[in-house]
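If you scroll down you'll find the structure; I have some questions about it.
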Amino acid sequence: MILSYKDKRLGEAGSIVVIQGKAKSGKTAVVGAILGAAIGGTGDLFGLESPNPLKKAVLHYDTEQSRYEHFDVLDVSVRKRAGFTEIPDHLHSYTMLQLDIGERWKTVQADVERRSNQHDGVHLVVLDGVADLVNDPNDASGSFSLVHELHAFADRHQCLIVVVLHENPGSGRNKTRGHLGSEMERKARTSISVEKDGNSEIVQMYVVGARKCSWPKKEAVCFEYDAEAGMHVTVDNPNAMVAAENDKKAEAEKANALQALAKKVLTKPLTHGEFVKAIMAEVPCKESTAKSRIREMSGDLKIAERIDGGLYQMVAEVVEVKGQEEELQPLPALTLPVEGV
């Protein structure tokens with residue numbers, strides 16, 4: 001595995017990973033984190049990992065930045081983020097803005113071959129601005145040809161190729177630009193979205209398409225620019241916090257509903273069979289559903305429990321949901337005459 005996040009396998013040797021997002025969404029910070037992980041950095045890498053113990057070549061080609069901007073990206077987004085005082089020898093980064101479009105892909109191929117010989121192999125290639133390797137990303141023939149060559153190139157060198165793509169302005173469904181974007185998404189092992197929250201400056205990173213990986217938006221890694229740090233830093237995911245609160249509320253409401261059901265049917269201790277029939281009579285449902293509700297009541301919720309003789313009785317009360325204060329409050333076990341023992 002060349003690129004991962006926790007237990008999520010994002011990119012293998014011989015595959016392509018797409019980093020996509022609208023202009024100024026934070027894609028450069030993600031590129032910096034990937035490069036930082038590939039050179040063994042220990043700083044704020046947004047949780048991304050890219051083990052490279054043999055220190056094979058890590059190559060970065062930028063087609064959009066001026067020389068000054070490129071140096072700033074390399075110094076801040078990579079070196080500083082990785083926690084290094086200087087760039088290690090096996091990382092090579094270039095700005096290709098000055099090269100003609102027709103020369104860029106040829107130059108990349110030649111340089112990869114050279115660095116592969118120098119470092120006994122290639123670990124990672126990042127093409128920051130892959131659309132600038134073709135004359136027209138809307139030209140199907142040229143786009144399909146480039147994607148095919150990239151995939152074959154990654155397989156031949158047994159490295160991971162990460163490409164950065166812009167999404168269409170105004171698109172609300174993570175649509176990358178042109179035939180190039182569409183074909184790249186089809187061939188990619190994983191497509192990672194970098195999306196700025198419309199109500200804040202927080203950026204969310206998550207997977208929008210993958211062959212063998214699930215990383216939904218509710219589990220997104222979030223980061224925002226920190227003026228004091230001089231770079232983007234990891235922050236809590238607001239969506240995850242909201243989702244957690246919603247899940248907590250839903251669980252408490254379910255407990256309340258089960259408590260109300262138990263109150264209606266457990267007016268006296270019942271055998272398991274009687275308990276099942278009582279639930280089916282009160283809330284029309286299948287026998288399997290009634291049994292499932294009994295398991296829930298007598299499990300962690302502790303709404304009902306079995307006593308001597310195998311009978312069920314109520315043992316707990318659920319507090320109504322009010323804001324975030326939902327919990328179970330145990331009560332003394334009911335003392336009822338045991339019938340039918």
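The values are calculated or read from the model by the stated rules, or taken from the named source; none is laboratory data. Just so you know, these numbers come straight off a predicted model, no measurement behind them. Virtual Cβ from ideal backbone geometry, glycine too; neighbours counted across all protein chains shown.
To keep it simple, each residue is scored yes or no on (1) part of a helix (DSSP H, G or I); (2) touching a residue at least 12 places away in the same chain (Cβ under 8 Å).
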{"residue": "13", "(1), (2)": "no, yes"}
{"residue": "33", "(1), (2)": "yes, yes"}
{"residue": "44", "(1), (2)": "no, yes"}
{"residue": "71", "(1), (2)": "yes, no"}
{"residue": "77", "(1), (2)": "yes, yes"}
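Quick check on region 113-139: of everything there that is within 30 Å of the chain's Cα centre (by Cα) and in a helix (DSSP H, G or I), which residue is nearest to residue 50 (Cα to Cα)?
Once the filter is applied, the top-ranked residue is 130.
Has region 206-228 got any residue that is surrounded by 16 or more Cβ atoms within 10 Å (Cβ to Cβ), among the acidic types (Asp, Glu), touching a residue at least 24 places away in the same chain (Cβ under 8 Å) and more than 30 Å from residue 149 (Cα to Cα)?
Yes, there is a match, as at least one residue in region 206-228 is surrounded by 16 or more Cβ atoms within 10 Å (Cβ to Cβ), among the acidic types (Asp, Glu), touching a residue at least 24 places away in the same chain (Cβ under 8 Å) and more than 30 Å from residue 149 (Cα to Cα).
Still on this model: Mind telling me which of the residues 247, 236 ends up being touching a residue at least 12 places away in the same chain (Cβ under 8 Å) and exposed (fewer than 12 other Cβ atoms within 10 Å of the Cβ)?
Residue meeting the stated conditions: 236.
Using beta carbons and a limit of 8 Å, which pairs, at least six apart or on different chains, have the first residue in region 113-142 and free of Cβ contacts under 8 Å to residues at least 40 places away in the same chain and not assigned by TED's automatic domain parsing to the domain that holds residue 163 and the second one buried (at least 17 other Cβ atoms within 10 Å of the Cβ) and in a strand (DSSP E or B)?
Note: no pairs meet the criteria.
Turning to a different aspect of this structure: Checking the structure you have, find out if any residue of region 171-184 is under 25 Å from residue 35 (Cα atoms), in contact with an Asp or Glu (Cβ under 9 Å, 6 or more places away or on another chain), part of a helix (DSSP H, G or I) and modelled with pLDDT of 95 or more.
no
Is it fair to say residue 152 is assigned to a helix (DSSP H, G or I), of a type outside the set (Lys, Arg), closer than 25 Å to residue 181 by Cβ and free of Cβ contacts under 8 Å to residues at least 24 places away in the same chain?
yes
Going by what's in this entry, would residue 162 be described as modelled with pLDDT of 90 or more, among the β-branched types (Val, Ile, Thr) and outside any helix (DSSP H, G or I)?
Yes, satisfied.
Restricting to region 155-168, name every residue that is more than 23 Å from the chain's Cα centre (by Cα) and in contact (Cβ under 8 Å) with a residue 24 or more places away in the chain.
Within region 155-168, 155, 157, 158 qualify.
With region 248-341 as the region, which strands (runs of 3 or more DSSP E) entirely inside it contain at least 2 residues that are at pLDDT 85 or above and in contact with a Leu (Cβ under 9 Å, 6 or more places away or on another chain)?
Once the strands (runs of 3 or more DSSP E) in region 248-341 are filtered for at least 2 residues that are at pLDDT 85 or above and in contact with a Leu (Cβ under 9 Å, 6 or more places away or on another chain), what remains is 312-314.
Give the number of residues within region 110-159 that are of a type in the set (Ser, Thr, Tyr), modelled with pLDDT under 95 and touching a helix residue (DSSP H, G or I) at 6+ places or on another chain (Cβ under 8 Å).
Of the residues in that region, 1 qualify.
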